[in-house]
Amino acid sequence: MPQDEYARLLLDRSHSRHRWENQLAVDVTLDDLDKEEILRTWQAAIDQRRLSAGTSMDVGDVLDRLGLRIHGQVTQAAQMLYGTKFLPHYPQGLLKLGRFRGTKITGDILDNKQDTMHAFAMVREAVAWLDRTLPLAARFPKGSIFREDRLPVPAEALRETIVNAVIHRDYSRSAGYVAIAVFDDRIEVRSVGDFPTGIDAAMLSQEHLSVQRNPLMAGAFHRTGAVEVWGRGTNRVIDACKAYGIAPPEYVQASGVVTVTFRVAAKQEPHKRQATAGKTPAAVLDLLAENPHLTVPELAIRLCKSELTIHRAIRKLRESGHLERIGPDKGGHWRTLDVSEEQL
């Protein structure tokens with residue numbers, strides 16, 4: 001038997017007591033955790049009726065109810081769920097987001113973001129980034145006068161896949177991470193770690209047991225209603241894709257990494273106003289009408305313009321009354337008004 005397989009079997013045998021997640025965190029105290037996130041878990045768990053309404057709001061008590069402290073000391077599960085400091089001891093709290101031109105990772109990088117963060121923030125950041133990055137198509141369903149915006153993959157399938165990548169990965173590997181790579185022809189969600197013992201890729205499209213590598217972390221997500229504990233997550237993803245009219249994702253384990261691949265067109269098509277009129281303000285206005293949360297760097301990438309050019313176009317649009325900012329620079333969005341080509 002290979003040595004690494006033998007070591008894994010020994011770890012599985014002692015899983016209840018000697019998991020990485022239930023060991024004490026290194027140089028982490030209650031003051032180093034995101035208390036607002038802990039209270040969000042508390043509120044969501046009460047709303048989902050997965051925590052008693054009379055449970056104390058004291059963050060230490062909440063962690064104890066979730067099994068995330070041992071004799072008053074913070075566990076590594078608590079650190080990965082709610083930590084605010086990750087370096088130098090926890091570099092595995094890394095999220096990598098990349099948009100590549102073409103179909104190979106050797107292509108030009110159009111967008112590249114990397115940062116360490118706790119698990120709940122990781123899910124939110126990944127979902128928000130995909131929402132900004134993926135092309136948004138529109139259609140009018142039969143019998144409806146309202147437009148339906150569609151991402152290449154149903155939002156619930158992307159979210160479920162990201163949550164699974166975050167909570168089921170192997171956190172014992174200090175070089176581990178969750179990565180999302182978007183190519184012109186596919187979306188990949190990668191998670192460092194093999195499938196849990198007893199699970200393989202073929203089983204994920206069938207009924208299968210829920211085998212949790214990190215039950216404490218999975219339990220915290222379950223309390224918020226983000227996941228179930230019946231091993232149905234991948235089945236829901238597959239069903240959602242079929243109902244959406246796209247192929248189910250591919251699940252592959254290779255070289256210690258699990259990759260979920262959605263084979264869909266993710267290329268942002270050239271904007272028709274930019275192609276016909278060649279006017280940057282008009283192209284900016286059209287893009288912001290489709291996605292009012294786009295940032296200046298994202299607009300520059302999509303239109304192949306400098307950020308200075310985009311700033312000038314936005315200033316012109318605001319001065320002419322065709323564009324206004326709603327909310328702060330960070331966290332707000334744009335509001336657009338119809339305008340003719342001649343006015344721009």
Would you check which residues across the stretch 102-131 are loosely packed, with under 15 Cβ neighbours inside 10 Å and touching a residue at least 60 places away in the same chain (Cβ under 8 Å) and list them? Gly102, Thr103, Lys104, Ile105, Gly107, Asp131
Would you please name the residue that is farthest from Arg302 (Cα to Cα), looking only at residues in the stretch 90-129 that are of a type in the set (Phe, Trp, Tyr) and either under 12 Å from the mean Cα position of the chain (by Cα) or in a helix (DSSP H, G or I) (or both)? Phe120
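Here is a yes/no grid of residues against (1) assigned to a loop (DSSP other than H, G, I, E, B); (2) surrounded by 14 or more Cβ atoms within 10 Å (Cβ to Cβ):
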| residue | (1), (2) |
| --- | --- |
| Trp42 | no, yes |
| Leu51 | yes, yes |
| Gly54 | yes, no |
| Met57 | yes, no |
| Leu63 | no, yes |
| Ala78 | no, yes |
Which one is surrounded by the most Cβ atoms within 10 Å (Cβ to Cβ) among residues in the stretch 194-224 that are of a type in the set (D, E, K, R) and at pLDDT below 90? Arg213
Given the conditions (1) under 30 Å from Glu207 (Cα atoms); (2) modelled with pLDDT under 85, every one holds for Val260 apart from (2)
Take the stretch 94-126 and flag every residue that is closer than 20 Å to Glu36 by Cα and either in contact with a helix residue (DSSP H, G or I) (Cβ under 6 Å, 6 or more places away or on another chain) or of a type in the set (Ser, Thr, Tyr) (or both). Thr116, His118, Ala119, Phe120, Met122, Val123, Ala126
Of all the residues that make up the stretch 150-193, how many are among the aromatic types (Phe, Trp, Tyr) and over 19 Å from Leu216 (Cα atoms)? 1
Find the residue count for the stretch 307-332, including only residues that are modelled with pLDDT under 85, within 18 Å of Thr133 (Cα to Cα) and surrounded by 11 or more Cβ atoms within 10 Å (Cβ to Cβ). 2
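The values are calculated or read from the model by the stated rules, or taken from the named source; none is laboratory data. In this text the structure is predicted, and so the values were computed from the model without any measurement. Cβ: placed from backbone, ideal geometry, glycine included. Neighbour counts: every protein chain shown.
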